[in-house]
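Data block below; observations after.
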Amino acid sequence: MHVHHLAHFHGLPTYTFSPYTDPADLPDPGAVAWRFQVVEMAYEPDPLERAEACWARFAETVELEKVKALVFGCPWYGDDNAGLPEEPLISLNSRLTGLEAIFLGDLEDEEAMVSSIHLGDVAPLLEAFPGLRELALRGGEGLRFPVGGHDELRVLRVESGGLPPEAVRQIAAAELPSLERLELWLGDDHYGGGATVEDLLPLLSGKGKPALRHLGVQNSPIQDELAAALASAPVVPRLTSLSLSLGMLTDEGAEALLHGQPLTHLRELDLSHHFLSHAMMLRLWTELEPRGVRVDLTARQVDDGGNPEWGQEHGRYIAVSE
Amino acid sequence: MSHTPESPDPDDLLLSGRDRKGELRWPDPGTQVPYGRVLHSAALLGLDPAVLVSRLEALGYADIQQAGTALPDTVRPDDAPLVRRVGVPDYGKPWLDVAEPVPLRHVLEVGCHTGRGPADVARRLTALGYRLGGDGGRPLPESSHPADVMLILEQRTNYRECRDWGDEVPAHHVHDTARDLSISPHFVATRLVALGFRLPYTPEPGDEALLTHRGSHEPGHILGLARETGRTPEDIVGRLTELGCGRPEVPAPPQPDDLVLLSANVDGRAPWLLRYTAAGLLVRHILRAALATGRSPAEVAARLAELGYRLHEDANLPAVADEADIRLLETIDRSYQDDVHLGDVLRSASLTGRSPADVAARLTALGHRLPDEVDHPEVRGLVTA
């Protein structure tokens with residue numbers, strides 16, 4: 001699966017800001033998710049200068065107080081950790097008083113491997129914007145999340161091909177009293193991932209996130225183990241939707257789910273991108289759909305057995321790795 | 001002028017070492033001192049150029065590049081950036097060479113960096129002894145625009161290659177640039193003309209509406225413009241051709257419902273249906289258009305075929321458009337080139353409230369391929385859309 005530039009974020013269409021656009025032609029500040037991307041040119045003497053100029057132009061032409069959502073691509077985020085010498089957001093937090101949502105790392109595969117997009121420590125950003133409601137991150141390299149948490153964050157999403165286990169533990173343990181939706185793409189240990197069920201225990205126990213209603217633990221080679229853990233996890237009864245998509249879920253994991261605690265209180269169960277048999281797909285659907293659970297079983301993948309010459313024991317794969 | 005080691009002339013120290021900003025070391029006295037370096041240092045040191053030249057000669061610099069005209073009597077501090085090439089490092093050739101015509105790119109880069117208009121930069125460089133490229137025919141604009149340098153790049157992915165004074169610019173450069181920079185094509189065209197470039201056409205304000213990033217060739221776009229502007233489709237196609245948009249076809253003589261059929265949302269407005277897509281014409285669009293116009297699906301498909309839209313050969317149109325079929329097809333993101341698998345059938349059943357068996361049967365009747373050999377259940381889900 002390929003990740004793409006966002007077309008929508010925080011319920012708003014994205015709009016890529018150009019410093020050359022006549023200000024009179026810019027959209028209403030609160031009607032779009034403002035997107036920033038400056039494509040590097042060959043032989044350009046100072047590409048970061050152009051990015052700085054773009055941001056400065058935005059700050060002087062748009063009513064920042066009305067801006068609700070921001071999306072940052074390259075060169076602010078990339079795989080070489082270059083970034084800009086100054087944090088573009090934090091210095092303007094006194095003017096971005098209406099900011100509700102931030103997406104960091106909106107890069108496509110051609111720009112950088114998902115697993116290599118450097119994110120760093122997001123604590124200063126969260127501290128600078130205490131009213132932030134949604135934070136979405138694409139990448140994983142170097143990610144650090146404050147265990148002290150954030151009082152107002154309602155949505156946290158991390159898209160990664162290899163989410164560092166330490167970051168997973170920090171997020172799992174974080175105090176996020178308003179958090180309603182959490183999605184973690186755990187990724188592959190070959191690309192910096194490797195989180196285990198144990199790393200997620202505080203999350204699965206329901207601690208620190210009393211408002212959680214949607215949980216996604218996704219894109220993982222241990223999807224079966226995660227399913228087995230969720231079959232008895234205290235957090236599940238209070239959820240309205242659950243996602244185990246994008247990973248290597250097999251009949252074993254699905255069987256554990258069906259034999260575990262009831263799931264019929266859920267409105268949605270997303271198992272898309274999976275390695276389930278047709279029989280298990282039909283069983284899941286016929287047991288849950290008539291009871292009101294909408295089950296997504298699209299994107300079935302086929303285990304081709306792998307290549308023994310390469311030491312592969314199976315041919316299963318997660319949706320987004322490299 | 002001589003000074004003791006205990007009280008050296010400060011300017012001599014600067015001249016013999018680094019300049020006021022401490023960035024550059026003067027070349028050895030045996031090498032040529034570039035003319036631009038003379039003006040730059042004179043501007044920063046507050047010296048008349050002739051005085052600086054005398055100082056340099058006294059320090060042993062025998063070869064000082066000349067312009068071929070007299071040195072300017074004086075220079076100002078804001079002249080310094082004009083003679084320094086933007087972005088060129090110290091170890092390169094940072095000084096604007098007075099032996100060569102000044103490229104337009106330099107005028108625009110310096111203008112953007114200093115906030116001075118291109119005309120002002122050009123006038124001052126001439127006064128400083130430089131000669132400009134081009135034939136000096138059309139004066140440059142008085143004010144700069146932040147996009148000026150980007151406008152003259154041949155491609156937005158390569159900073160090195162750019163156009164120069166008076167070049168002829170191909171028509172596609174205008175809308176490629178407008179698209180890449182998210183600015184008005186009309187602005188790009190008029191700005192390029194103002195900067196002295198030659199376009200194969202004369203920009204008109206009406207061009208703005210004709211040029212969209214996608215859809216300029218589409219019949220809906222052409223017929224929609226004809227409706228808005230009162231121009232004929234032939235006239236619009238002719239202008240699009242002049243503007244470098246290829247050679248769009250003139251749509252078949254329009255019929256009353258054409259704009260509804262050609263609009264993606266069957267409302268007679270943009271966005272318009274695209275012709276050359278991998279999936280081809282979508283059956284759900286045909287059915288929606290049929291309901292909106294009162295025509296049969298077959299009539300809609302036939303008319304769209306006349307307008308250049310292709311329906312996949314496997315598609316099996318129903319005789320009558322049905323909201324249930326439209327709803328069903330909206331839940332399937334598969335074209336006729338793709339197989340519809342069990343997961344897709346189950347998902348559609350979830351979203352429509354129909355049983356998987358019913359969904360599978362109907363999709364098969366509509367021409368889709370369902371290769372999975374399974375017994376689709378008759379049971380329905382509880383949740384409906």
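Values quoted throughout were computed directly from the atomic coordinates according to the rules given, and no laboratory measurement underlies them. Predicted, not measured: the structure shown is a model, and the values here were computed from it. Glycine gets a Cβ as well: all are built from the backbone with ideal geometry, and neighbour counts include every protein chain shown.
So which aspartates and glutamates pass the test for A:K66, namely a Cα distance under 18 Å, with those fewer than 8 places away in the same chain ruled out?
A:D25, A:D28, A:E100, A:E134
Just want the answer: with Cβ charges of +1 for Lys and Arg and -1 for Asp and Glu, which residue in B:W95, B:L328, B:S144 is farthest toward the dipole's positive end in chain B?
Towards the positive end, the residue furthest out is B:S144.
May I ask you to sort A:C74, B:C162 by Cβ crowding, counting other Cβ atoms within 10 Å and putting the fewest first? Walk me through the numbers on the way to the answer.
On the way: A:C74 24, B:C162 19.
Ascending Cβ contact count within 10 Å gives the list B:C162, A:C74.
Determine, for B:Y276, A:Y15, the number of other Cβ atoms within 10 Å of each Cβ, and report the residues in order from fewest to most. Each step should come with its number before you reach the end.
Working: B:Y276 10, A:Y15 17.
Lowest count first: B:Y276, A:Y15.
Would you mind working out the magnitude of the charge dipole of region B:102-234 relative to its Cα centre, with +1 at each Lys and Arg C-beta and -1 at each Asp and Glu C-beta, to the nearest 20 Debye?
Dipole magnitude for region B:102-234 comes out near 380 debye.
Assuming a ≥ b ≥ c are the square roots of the Cα gyration tensor eigenvalues, decide whether the protein assembly as shown counts as rounded (a/c under 1.5), prolate (otherwise, with a/b larger than b/c) or oblate.
Values: a/c = 2.93, a/b = 1.57, b/c = 1.87.
Since a/c reaches 1.5 but b/c is at least a/b, the shape of the protein assembly as shown is classed as oblate.
I'd like to know which of B:S296, B:A319, B:G381 lies farthest towards the positive end of the charge dipole of region B:264-382, counting +1 on Cβ of Lys and Arg and -1 on Cβ of Asp and Glu.
Checked the options; the winner is B:S296.
About the Cα centre of region A:162-292, how large is the charge dipole given +1 on each Lys and Arg Cβ and -1 on each Asp and Glu Cβ? Please answer in debye to the nearest 20. Walk me through the numbers on the way to the answer.
On the way: 9 positive and 17 negative charges, 118 e Å.
Approximately 560 debye in magnitude.
Divide by every residue of chain B the summed helix terms, -39500 (n - 2.57) for each DSSP H run of at least 4, and state the resulting mean residue ellipticity at 222 nm, rounded to the nearest 500 deg cm²/dmol.
Numbers: 17 runs with 155 residues, N = 385.
Taken over chain B, the calculation gives -11500 deg cm²/dmol.
Specify the inter-centroid distance of region B:353-382 and region B:171-188, based on alpha-carbon positions, in whole Å.
After rounding, the separation between the Cα centres reads 48 Å.
For region B:328-385, what's the radius of gyration and Dmax over Cα atoms, in angstrom?
For region B:328-385, the Cα radius of gyration and maximum Cα-Cα distance read 10.3, 31 Å.
Any idea which of A:G11, A:G140, A:C54 is furthest toward the positive side of the dipole for chain A, if Lys and Arg beta-carbons carry +1 and Asp and Glu beta-carbons -1?
Final value for the positive-end residue is A:G11.
Among residues other than A:T14 whose Cβ falls under 13 Å from its Cβ, what is the net charge (Lys/Arg +1, Asp/Glu -1)?
Values: positive: A:R35, A:K68; negative: A:D106.
Residues close to A:T14 contribute a combined charge of +1.
Mean residue ellipticity at 222 nm from the helices of chain A, using -39,500 (n - 2.57) per DSSP H segment of n ≥ 4 over the full residue count, to the nearest 500 deg cm²/dmol?
On the way: 7 runs with 62 residues, N = 322.
Rounded to the nearest 500, the figure is -5500 deg cm²/dmol.
For chain A, take the longest principal axis of its alpha carbons; what is the angle in degrees between that and the long axis of helix A:47-61, to the nearest 10 within 0 to 90?
Roughly 80 degrees, rounded to the nearest 10.
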